[in-house]
Amino acid sequence: MMVIGLTGGIGSGKTTVAKIFKKLGVPVYNSDKKAKKLMKSSKKLRISIKNLLGEEAYHDKKLNKVYIAQKIFQDKALLNQLNSIVHPAVRKDFVKWSKKKDVPYVIQEAAIIFENGLHDFYDKTILVTAPKEIRLKRVMDRDKVSEADVFRRMKNQWEDEKKIKLADYVIDNLNMQDTITKVDAVHKLLLAHSER
């Protein structure tokens, strides 16, 4: 079974692409959702996160996402420290999850595969792209945040040009019908590759 990494900058449409793969019967692990779940359910993670960010990181065992975002997106060192706590737990959970699957390939959807130097972990990587102004509008509409907030998050991610050089497949996500066609083409290539 192959392990595929699905990545892309904030607002590029990773989740949209992941949903299309799911419709094709491909199991997809959403790292962001799982990370939030583990940050809530794991006592060990909760203690480490409180030690790093303070007691306000949680309200009644629930993540204080607004507080955490304000802290980490203004301080790269803090963001890296949080990632070094959460990412190994997510990786372990993903490996356990993927071992239960009996399919040609599984996908791990993760925002910063290349930035974290994790692309070698995957058999293949798929990069989802979209122009910056479109991504900006998508995130502002989706998260009800300001342009400055989105730019702060974007600053922690590489430019698409840099990631394109490392990706095995690139899906430009502008038009839904074109995106579906591109996902279908990549799916066929991955199935063929998994049979070798």
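Here are a few things to note about the model shown:
- Search result, residues across the stretch 103-124 that are outside any loop (DSSP other than H, G, I, E, B) and surrounded by fewer than 19 Cβ atoms within 10 Å (Cβ to Cβ): 119, 120, 121
- Subset of the stretch 50-78 [under 18 Å from the mean Cα position of the chain (by Cα) and either surrounded by 17 or more Cβ atoms within 10 Å (Cβ to Cβ) or within 27 Å of residue 101 (Cα to Cα) (or both)]: 68, 72, 73
- Filter result for residue 30 (among the polar types (S, T, N, Q), in contact (Cβ under 8 Å) with a residue 24 or more places away in the chain and touching an Asp or Glu at 6+ places or on another chain (Cβ under 6 Å)): yes
- Selection from the stretch 17-49 of residues that are hydroxyl-bearing (Ser, Thr, Tyr), surrounded by 17 or more Cβ atoms within 10 Å (Cβ to Cβ) and assigned to a helix (DSSP H, G or I): 31, 48
- Every condition in (1) touching a helix residue (DSSP H, G or I) at 6+ places or on another chain (Cβ under 8 Å); (2) without any contact (Cβ under 8 Å) to a residue 40 or more places away in the chain is met by residue 17 except one, and the failing one is (2).
- Count of residues meeting criterion [in contact with an Asp or Glu (Cβ under 9 Å, 6 or more places away or on another chain) and either part of a helix (DSSP H, G or I) or not assigned by TED's automatic domain parsing to the domain that holds residue 183 (or both)] in the stretch 7-16: 2
- Checked against the criterion of being over 16 Å from the mean Cα position of the chain (by Cα), modelled with pLDDT of 95 or more and assigned to a loop (DSSP other than H, G, I, E, B), the stretch 177-189 contains not a single residue that satisfies it.
- Scanning the stretch 125-165 for residues that are surrounded by 15 or more Cβ atoms within 10 Å (Cβ to Cβ), in contact with a strand residue (DSSP E or B) (Cβ under 8 Å, 6 or more places away or on another chain) and not basic (Lys, Arg) yields 125, 126, 127, 128, 129, 130, 160.
- Screening 52, 127 for residues that are more than 30 Å from residue 194 (Cβ to Cβ) and either touching a residue at least 24 places away in the same chain (Cβ under 8 Å) or in a loop (DSSP other than H, G, I, E, B) (or both) leaves exactly one candidate, 52.
The values are calculated or read from the model by the stated rules, or taken from the named source; none is laboratory data. Everything numeric in this text was worked out from a predicted model, so none of it was measured. Ideal geometry is used to build each Cβ from the backbone, glycine not excepted, and the neighbour counts take in all protein chains shown.
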